1. Given (1) surrounded by 13 or more Cβ atoms within 10 Å (Cβ to Cβ); (2) farther than 30 Å from Leu171 by Cβ; (3) among the acidic types (Asp, Glu), identify the lone condition not met by Glu121.
2. Take the residues in the stretch 15-42 that are assigned to a loop (DSSP other than H, G, I, E, B) and of a type in the set (S, T, N, Q), then tell me which one is surrounded by the most Cβ atoms within 10 Å (Cβ to Cβ).
3. For the stretch 48-117, which fully contained strands (runs of 3 or more DSSP E) count at least 1 residues that are farther than 21 Å from Phe133 by Cβ and either among the charged types (D, E, K, R) or in the same structural domain as Leu30 (by TED's automatic domain parsing) (or both)?
4. Failed condition for Glu94, given (1) over 22 Å from Asp35 (Cβ atoms); (2) at pLDDT below 90, with all others met?
5. Among the residues of the stretch 45-78, write down those that are over 30 Å from Gln14 (Cα atoms) and surrounded by 16 or more Cβ atoms within 10 Å (Cβ to Cβ).
Amino acid sequence: MDKLGEITIHVVGQVGNEPLGPRNYDISSLRDMLDDVENLLYPNEKRNRPVISYEMQAGSVRHVFRTSLQKVTEFGAVLAMVVASGNLDGLTTETAKAFEHIQTRSRQNGYSVTFSTSLNETKELTFTPETNFIRAEQIWAEAEFYFYGKLTDAGGKNKANIHLDTKEHGLLRIDVDKEYLEELEGNPLYKEFGVRAIGRQNVITGEMDISSLKLVEMIDYDRKFNNQYLEDLIKKATPKFKGLDVDTWIQKVRGTDAYV
């Protein structure tokens, strides 16, 4: 069995005139906390993540999460970075949003929320109604992305989107105009597509904000190897390289500053 570590989120406050505790901690608050912690620890691919077990303890409310020691160590490093910088820059989008959600509830309810781990010398991060850990919006810019995967869902009653199952990024939800879906021929579900989309990208880390993706177009995609197509390209290019001195050509491409 893998070694386990603990992450504790200690919530202190009042519910009316009573101290906060397990007996008056509402299930909606618990649900929000569980969702946020999953995004803190595993912001992207959740399907194959290790088990996260949970226990609520008294002492106001102590949320105790147990998962792999490696992930607890990584989370300890995240806490140290946020404490040192005083902001949420440098985090993945989902991780930053999870911290923001918890911080917002801290303000709304007048709670103090402290994050810690079972590891020695881990920095503690505390949110109060007065703290203001934010992201610098100027580090985000609009960018264009290309994805390849299987379309598993499309539509939506109010806001249309598609669900694209990709190898590199997991399941992506991409907003789309309803008119675009209406014009698709046949049944596109469970077929593979190339997808061109726009969204926000962090200009420092290169990370994309998966919640901002909007479809530009879907492209039919066939991953089968076409040997005849490759041979035709080789035949077309071969005459252009006839009689070429490869060494001279490479030196010319590299330029005069190339290594000898």
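1. The single condition Glu121 does not satisfy is (1).
2. Initial filter on the stretch 15-42 (assigned to a loop (DSSP other than H, G, I, E, B)): 16-17, 20-26, 42.
From what is left, the residues that are of a type in the set (S, T, N, Q) are 17, 24.
Numbers: Asn17: 5, Asn24: 12.
Taking the candidates together, the pick is Asn24.
3. Working: elements: 53-58, 61-68, 112-117.
Output list reads 53-58, 61-68.
4. Going through (1) over 22 Å from Asp35 (Cβ atoms); (2) at pLDDT below 90 one by one, Glu94 breaks only (1).
5. Filtering the stretch 45-78 down to residues over 30 Å from Gln14 (Cα atoms) leaves 45-51, 68-71, 73-74, 77.
Hits for the stretch 45-78 are Ser68, Leu69, Lys71.
Table: residues versus (1) out of contact with any Phe, Trp or Tyr (no Cβ under 8 Å at 6 or more places or on another chain); (2) modelled with pLDDT under 80; (3) surrounded by 10 or more Cβ atoms within 10 Å (Cβ to Cβ); (4) not in a helix (DSSP H, G or I).
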residue	(1), (2), (3), (4)
Gly199	no, no, yes, yes
Thr205	yes, yes, yes, yes
Leu213	no, no, yes, yes
Asp222	yes, yes, no, yes
Gln228	yes, yes, no, no
Asp232	yes, yes, yes, no
Ala237	yes, yes, no, no
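The values are calculated or read from the model by the stated rules, or taken from the named source; none is laboratory data. Here the structure is a predicted model, which means the values were calculated and not measured. Heads up, the Cβs are rebuilt from the backbone with ideal geometry, glycines too, and the neighbour counts pull from every protein chain shown.
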